[in-house]
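The values are calculated or read from the model by the stated rules, or taken from the named source; none is laboratory data. This one's a predicted model, so the numbers in the text were calculated from it and none came from an experiment. In this analysis, Cβ positions are derived from the backbone assuming ideal geometry, glycine residues included, and neighbour counts consider all displayed protein chains.
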Amino acid sequence: MKTTMAFRASATTRWLSMGLAAYVLFALSRLEFSWGRFVAGLAHGAQLISRMFPPDMAKGDILWTGMTESLQMALLASLLGILISLPLGLLGARNLMPQPVTWLARGVVAVCRSLHPVIVAILFVKAVGFGALAGILALTVGSIGFVGKLFAEAVEEISAKQVEAVRASGASFANLIIFGVVPQVLARFVGLCTYQLDSNLRNSTMVGIVGAGGIGGALFSAFQRFDYAFVCTILLTIIVIIVLTELLTERVKKVFNV
Amino acid sequence: MAHALEITGLVKEYTSGQPVLKGIDLSVTGAGLTAIIGPSGTGKSTLLRCINRLIDPTQGSVVLRSNNGSVDMCLVRGRALRESRRRIGMVFQEYNLVERLTVMENLLTGRLGYVGAWAAWRRRFTPRDFERAFGLLATVGLADFVDQRADALSGGQRQRVGIARALMQEPDLLLADEPTSSLDPKTSAEIMALLREQGRAAQVPVLVNIHDVALARRYADRIVGMSGGKIVYDGDGEGLSDTMLKNIYGGQTWLS
């Protein structure tokens, strides 16, 4: 009897879960999400898929230009973003830096994080015009938001004992970072970077929809022309490339012993 | 000129009005192993860390004298502090090796006070540093472990690397904070012997915080007993009577 009491959820938890369940039911009723609607949708879906196949292989040049542009954007944005995140992450680590500095660094990172890449891409298209440059800048901002934040957290989680020993040797602050901090966070950092590259590859296929370069533009216009066969080709290509980079990043992680 | 450490009126308060160290006066001259014993929380670690300024003391002076000059560790700041720290080697209870670096890199950490950042990044230390590192690894019996990562070593091996790293600094003074607390009895004795030998070989004083009174008696030339933030005993192992131990640690059931 006593054990059942010990594991009983608190009153707040029970009220909250009942409230959540009630809201889900309410939302379902409001959105007219019924079985009949779902079955009707299935028929549309089948029609779409039938129009997608066979994939259109004739527009190879549009596909090639768009995909290479996307890849280049992703790579450049990742590089730029990582280069900027490195110092920002270090400056944002509360175990290494004075408080005002961490606030500033964390503020910059938080601003970069707060907006979705597509919204940032629209802003940059308005600011610097259509094309890959806007896309690269948008993806860079997103990379700073992600890598900067998680890198700062990784630095905050390092063992202070190891750093203390390096400090005791009379090392300068820069040498302290190089021998005491970098070895402890390198593996995490490589992991973050490969994840960000992966993420940028996916996002680089999307920012084109708002005119910021890459395959997204071609994809969007194919949708608008109801050219589903070409849409299918583009989607398949994107999937293949994402899977290939996945394999590549696994290799990179192995090399760095993550 | 013999190496010497002179601590006068050292006070450390973590919270104002509640001193952990209540005016420590201690002077250590020449080679020899000084063991500092005392109950947990009495400020032994704080004392050691005030010497190389990993902790800033509240009051007092810690003067280090050698052929390399004389410096009050309590007064130096910035670059001068870092340059003074190079003269003090430290060995830690949990070894504090950089786990993901190799044994060689951990040893070279002892030379970080002497190289610029760009050289440190590329691991460009002087040939003399590498020679010394190989020599020390042979001395501590780890010549075959040069390229091993520190996290692949056993406790005893790690502490040997820790000692070699401290000796890489060619220190004027060697500090060891509970260097044997995480080790088995046999390895503990070996580590103490190594500290004593190396201190004598380099002709520098060795200060060791230690919980094991028997080990302290066996290896120390001098024993300093601390209790309640003060030094209550200073002498050799012989003079450390049961009454004295009771005085240092309190109680007496543990003695019988």
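For residue B:138, which of the numbered conditions (1) more than 9 Å from chain A (Cβ to nearest Cβ); (2) touching a residue at least 40 places away in the same chain (Cβ under 8 Å); (3) in a helix (DSSP H, G or I) fails to hold?
So residue B:138 meets the others, but not (2).
Can you confirm whether the range B:76-86 contains a residue that is assigned to a loop (DSSP other than H, G, I, E, B) and within 12 Å of another protein chain (Cβ to nearest Cβ)? If you could, list the steps in order and put the result at the bottom.
As a first pass, look at the range B:76-86 and keep what is assigned to a loop (DSSP other than H, G, I, E, B): B:76-77, B:86.
From the residues that got through so far, the ones that are within 12 Å of another protein chain (Cβ to nearest Cβ) too are B:76, B:86.
So far as the range B:76-86 goes, yes, one or more of its residues are assigned to a loop (DSSP other than H, G, I, E, B) and within 12 Å of another protein chain (Cβ to nearest Cβ).
More than 19 Å from residue B:89 (Cβ to Cβ) and under 24 Å from the mean Cα position of the chain (by Cα): which single residue out of B:155, B:162 fits that description?
Working: B:162 fails: more than 19 Å from residue B:89 (Cβ to Cβ).
Within the list B:155, B:162, the selection yields B:155.
Quick check on this structure: which one of A:228, A:195 is under 20 Å from residue A:115 (Cβ atoms) and of a type in the set (Phe, Trp, Tyr)? Steps first, please.
On the way: A:228 fails: under 20 Å from residue A:115 (Cβ atoms).
Only one candidate passes the filter, namely A:195.
Go through the residues of the range A:30-39 one by one and say whether even a single one is of a type outside the set (Lys, Arg) and under 29 Å from the mean Cα position of the chain (by Cα). Before you say what the answer is, go through the steps one by one.
Within the range A:30-39, the subset of a type outside the set (Lys, Arg) is A:31-36, A:38-39.
Still in the running and under 29 Å from the mean Cα position of the chain (by Cα): none.
No, every residue in the range A:30-39 fails to be of a type outside the set (Lys, Arg) and under 29 Å from the mean Cα position of the chain (by Cα).
Being closer than 26 Å to residue A:229 by Cβ and of a type outside the set (Val, Ile, Thr) is true for just one of A:115, A:75, A:71, A:123. Which residue is that?
Numbers: A:115 fails: closer than 26 Å to residue A:229 by Cβ; A:75 fails: closer than 26 Å to residue A:229 by Cβ; A:123 fails: closer than 26 Å to residue A:229 by Cβ.
When all the criteria are applied, what remains is A:71.
Of the residues A:33, A:38, only one is among the aromatic types (Phe, Trp, Tyr), farther than 29 Å from residue A:136 by Cα and part of a helix (DSSP H, G or I); which? It would help to see each step written out before you state the result.
Details: A:33 fails: part of a helix (DSSP H, G or I).
Being among the aromatic types (Phe, Trp, Tyr), farther than 29 Å from residue A:136 by Cα and part of a helix (DSSP H, G or I) holds for just one of A:33, A:38, which is A:38.
Of the numbered conditions (1) farther than 30 Å from residue A:133 by Cα; (2) under 31 Å from the mean Cα position of the chain (by Cα), residue A:56 fails exactly one; give the number of that condition.
Of everything listed in (1) farther than 30 Å from residue A:133 by Cα; (2) under 31 Å from the mean Cα position of the chain (by Cα), residue A:56 misses just condition (1).
Check whether at least one residue in the range B:209-228 is more than 14 Å from chain A (Cβ to nearest Cβ) and on the phi > 0 side of the Ramachandran plot, and report yes or no. Don't jump to the end; show me each part of the working.
Within the range B:209-228, the subset more than 14 Å from chain A (Cβ to nearest Cβ) is B:209-228.
With on the phi > 0 side of the Ramachandran plot added as a condition, the list becomes B:228.
Within the range B:209-228, one or more residues are more than 14 Å from chain A (Cβ to nearest Cβ) and on the phi > 0 side of the Ramachandran plot.
Tell me, which helices (runs of 4 or more DSSP H) lie completely within the range B:148-256 with 2 or more residues that are polar (S, T, N, Q) and touching a residue at least 24 places away in the same chain (Cβ under 8 Å)? Break it down stepwise before answering.
Working: elements: B:155-168, B:185-202, B:213-219, B:242-249.
Helices (runs of 4 or more DSSP H) meeting the threshold: B:185-202.
Please go through the range A:210-229 and give me each residue that is polar (S, T, N, Q) and in contact (Cβ under 8 Å) with a residue 12 or more places away in the chain, ordered by number. Step through it out loud before you land on a result.
Filtering the range A:210-229 for residues polar (S, T, N, Q) gives A:221, A:224.
Residues satisfying the conditions do not exist here.
Rundown of residues vs (1) crowded, with 22+ Cβ neighbours inside 10 Å; (2) away from chain A (no Cβ under 14 Å); (3) among the polar types (S, T, N, Q), yes/no style:
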{"site": "B:127", "(1), (2), (3)": "no, yes, no"}
{"site": "B:131", "(1), (2), (3)": "no, yes, no"}
{"site": "B:143", "(1), (2), (3)": "no, yes, no"}
{"site": "B:154", "(1), (2), (3)": "no, yes, yes"}
{"site": "B:162", "(1), (2), (3)": "yes, no, no"}
{"site": "B:172", "(1), (2), (3)": "yes, no, no"}
{"site": "B:190", "(1), (2), (3)": "no, yes, no"}
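Between residues in the range A:121-136 that are part of a loop (DSSP other than H, G, I, E, B) and residues that are among the hydrophobic types (A, V, I, L, M, F, W, C), which pairs lie under 9 Å by C-beta distance while being six or more apart or on different chains?
Short answer, once both residue conditions are applied: A:130/A:212; A:131/A:125; A:131/A:212.
Residues are listed down the side, and each one gets a yes or a no for (1) touching a residue at least 40 places away in the same chain (Cβ under 8 Å); (2) assigned to a helix (DSSP H, G or I):
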{"residue": "A:163", "(1), (2)": "no, yes"}
{"residue": "A:171", "(1), (2)": "no, no"}
{"residue": "A:185", "(1), (2)": "no, yes"}
{"residue": "A:252", "(1), (2)": "yes, yes"}
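Regarding residue B:101, is this residue among the aliphatic types (A, V, I, L, M) and more than 20 Å from residue B:172 (Cα to Cα)?
Details: among the aliphatic types (A, V, I, L, M): yes; more than 20 Å from residue B:172 (Cα to Cα): yes.
So residue B:101 passes the test.
Which residue is surrounded by the most Cβ atoms within 10 Å (Cβ to Cβ), if the candidates are limited to the range B:56-73 and must be assigned to a strand (DSSP E or B) and in contact with a His (Cβ under 9 Å, 6 or more places away or on another chain)? It would help to see each step written out before you state the result.
First, the residues of the range B:56-73 that are assigned to a strand (DSSP E or B): B:59-66, B:69-72.
Right, trim to in contact with a His (Cβ under 9 Å, 6 or more places away or on another chain) and you get B:64-66.
Values: B:64: 24, B:65: 17, B:66: 19.
Applying the filter and picking the extreme gives B:64.
How about the range A:141-182: which of its residues are of a type in the set (A, V, I, L, M, F, W, C), facing another protein chain (nearest Cβ under 7 Å) and touching a helix residue (DSSP H, G or I) at 6+ places or on another chain (Cβ under 6 Å)?
Initial filter on the range A:141-182 (of a type in the set (A, V, I, L, M, F, W, C)): A:141, A:144, A:146-147, A:150-152, A:154-155, A:158, A:160, A:163, A:165-166, A:168, A:171, A:173-174, A:176-179, A:181-182.
So of that shortlist, the ones also facing another protein chain (nearest Cβ under 7 Å) come out as A:165-166, A:168, A:171, A:174, A:178-179.
Hits for the range A:141-182 are A:166, A:171, A:174, A:178, A:179.
Quick one: would you say residue B:201 is at pLDDT 95 or above and of a type in the set (A, V, I, L, M)? Outline the logic, then answer.
Working: at pLDDT 95 or above: no; of a type in the set (A, V, I, L, M): yes.
Here the answer is no, as residue B:201 does not meet what is asked.
Anything in the range B:92-120 that is under 12 Å from residue B:158 (Cβ atoms), among the β-branched types (Val, Ile, Thr) and either within 7 Å of chain A (Cβ to nearest Cβ) or touching a Pro at 6+ places or on another chain (Cβ under 9 Å) (or both)? List them, or say none.
The answer is B:98, and nothing else.
Being buried (at least 18 other Cβ atoms within 10 Å of the Cβ) and among the small types (Gly, Ala, Ser) is the filter here, so list the residues in the range B:98-124 that pass it.
Scanning the range B:98-124 gives B:110, B:113, B:120.
Name the one entry in A:190, A:231, A:185, A:207 that is within 14 Å of chain B (Cβ to nearest Cβ) and either hydroxyl-bearing (Ser, Thr, Tyr) or surrounded by 18 or more Cβ atoms within 10 Å (Cβ to Cβ) (or both). Even if it seems obvious, please write down each step before you answer.
Working: A:190 fails: either hydroxyl-bearing (Ser, Thr, Tyr) or surrounded by 18 or more Cβ atoms within 10 Å (Cβ to Cβ) (or both); A:231 fails: within 14 Å of chain B (Cβ to nearest Cβ); A:207 fails: within 14 Å of chain B (Cβ to nearest Cβ).
The match here is A:185.
With respect to residue A:109, is the statement that it is surrounded by fewer than 19 Cβ atoms within 10 Å (Cβ to Cβ) and either of a type outside the set (Gly, Ala, Ser) or over 16 Å from residue A:81 (Cα atoms) (or both) true?
Values: surrounded by fewer than 19 Cβ atoms within 10 Å (Cβ to Cβ): no; either of a type outside the set (Gly, Ala, Ser) or over 16 Å from residue A:81 (Cα atoms) (or both): yes.
For residue A:109, the condition - surrounded by fewer than 19 Cβ atoms within 10 Å (Cβ to Cβ) and either of a type outside the set (Gly, Ala, Ser) or over 16 Å from residue A:81 (Cα atoms) (or both) - is not met.
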